[in-house]
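First up is the structure itself, then whatever we jot down about it.
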Amino acid sequence: MSKPNTGITNSPFIGLQNFHIAKLMEDPANGTATYEEVISIPHVREIGIKPQSAMATLYADDQAVDTANTTSEYELTIGTATLPLEYKAYLLGHAIENGQMTVTKDDVAPYFAVMFESNKRNGKKRFCKFYKVQFSEPEETSQTKGDNIQYNTPSLTAKAIYRTADGKAYSQADEEAVGFTEETKTAWYGEV
């Protein structure tokens, strides 16, 4: 890992777009992970990423002599403007037929790759890709209409873990980073 130059500046983030997923089909140890075709899910409003980390300190001779930390997983919160039943069923492993989704105790949410980009004020973008994500049932609120209109928007939570095949959790690419190429941008949603 090389040392970065001093004085690097980036434009601030002002937007989010192009939320995509790809279902993880196989993730063999020391093998190659395979995915279904990448699909787009529209109307994502926000994405929160919270690393779950643990830190320990080693003490000797009445002082701290070392620290260690590890990140076990990442909690994702995905706020959407709307979540059609077709997407909800697909993300959570539920059956859907004739416009009706049915949830059973035996349903298992599959793993997905999750991809999106954050827009910057200067027009540049930062791309993010999590390789192994499992979604949980969304939080949904229904509320009566009163004097003022309020939107009831669902929010999905998910956990991103390390891929078994190669130990990768996520990747990021930034158009303002040294060495960024147009090929990276063009291929970001083409495959995982």
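Here is a yes/no grid of residues against (1) more than 25 Å from residue 180 (Cβ to Cβ); (2) modelled with pLDDT of 95 or more; (3) of a type in the set (Ser, Thr, Tyr):
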{"position": "54", "(1), (2), (3)": "yes, no, no"}
{"position": "70", "(1), (2), (3)": "yes, no, yes"}
{"position": "79", "(1), (2), (3)": "yes, no, no"}
{"position": "92", "(1), (2), (3)": "yes, yes, no"}
{"position": "95", "(1), (2), (3)": "yes, yes, no"}
{"position": "125", "(1), (2), (3)": "no, yes, no"}
Next item on the list: Could you please let me know if residue 61 is out of contact with any strand residue (DSSP E or B) (no Cβ under 7 Å at 6 or more places or on another chain) and free of Cβ contacts under 8 Å to residues at least 12 places away in the same chain?
Entry: yes
Notebook entry, point to check: How many of the residues making up segment 158-178 are part of a loop (DSSP other than H, G, I, E, B) and of a type outside the set (Lys, Arg)?
Noted result: 11
Next item on the list: For segment 49-62, indicate whether the set of residues that are under 20 Å from residue 159 (Cα atoms), touching a Phe, Trp or Tyr at 6+ places or on another chain (Cβ under 9 Å), β-branched (Val, Ile, Thr) and surrounded by 10 or more Cβ atoms within 10 Å (Cβ to Cβ) is non-empty.
Entry: yes
Check: In segment 1-25, what residues are without any contact (Cβ under 8 Å) to a residue 60 or more places away in the chain and closer than 30 Å to residue 83 by Cβ?
Finding: 25
Check: Quick one: in segment 180-192, which of the residues that are touching a residue at least 12 places away in the same chain (Cβ under 8 Å) and either out of contact with any strand residue (DSSP E or B) (no Cβ under 8 Å at 6 or more places or on another chain) or not hydrophobic (A, V, I, L, M, F, W, C) (or both) is surrounded by the fewest Cβ atoms within 10 Å (Cβ to Cβ)?
Finding: 190
Checklist line | Scan of segment 82-104 for residues that are polar (S, T, N, Q) and surrounded by 11 or more Cβ atoms within 10 Å (Cβ to Cβ), ordered by number | finding: 82
Note to self: Against the definition (in contact (Cβ under 8 Å) with a residue 40 or more places away in the chain and either under 29 Å from residue 55 (Cβ atoms) or exposed (fewer than 11 other Cβ atoms within 10 Å of the Cβ) (or both)), how does residue 121 come out, yes or no?
What the structure shows: no
Check: For segment 6-23, how many residues meet the condition of being surrounded by 11 or more Cβ atoms within 10 Å (Cβ to Cβ) and more than 13 Å from residue 47 (Cα to Cα)?
Finding: 5
Check: Does segment 141-157 hold any residues that are out of contact with any Asp or Glu (no Cβ under 6 Å at 6 or more places or on another chain), part of a strand (DSSP E or B) and either of a type in the set (Ser, Thr, Tyr) or surrounded by fewer than 14 Cβ atoms within 10 Å (Cβ to Cβ) (or both), and which are they?
Finding: 157
Margin query: Testing residue 108 on (1) closer than 16 Å to residue 19 by Cβ; (2) exposed (fewer than 11 other Cβ atoms within 10 Å of the Cβ), one condition comes back false. Which one is that?
Written below: (1)
Notebook entry, point to check: On the given criteria, is residue 1 in a loop (DSSP other than H, G, I, E, B), exposed (fewer than 14 other Cβ atoms within 10 Å of the Cβ) and more than 21 Å from the chain's Cα centre (by Cα)?
Noted result: yes
Notebook entry, point to check: From the list 173, 177, which residue is free of Cβ contacts under 8 Å to residues at least 12 places away in the same chain, out of contact with any Asp or Glu (no Cβ under 6 Å at 6 or more places or on another chain) and surrounded by 14 or more Cβ atoms within 10 Å (Cβ to Cβ)?
Noted result: 177
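The values are calculated or read from the model by the stated rules, or taken from the named source; none is laboratory data. Since we're looking at a predicted model, the values are computed, not measured. Reconstructed Cβ throughout: ideal geometry from the backbone, glycine too, with neighbour counts over all protein chains shown.
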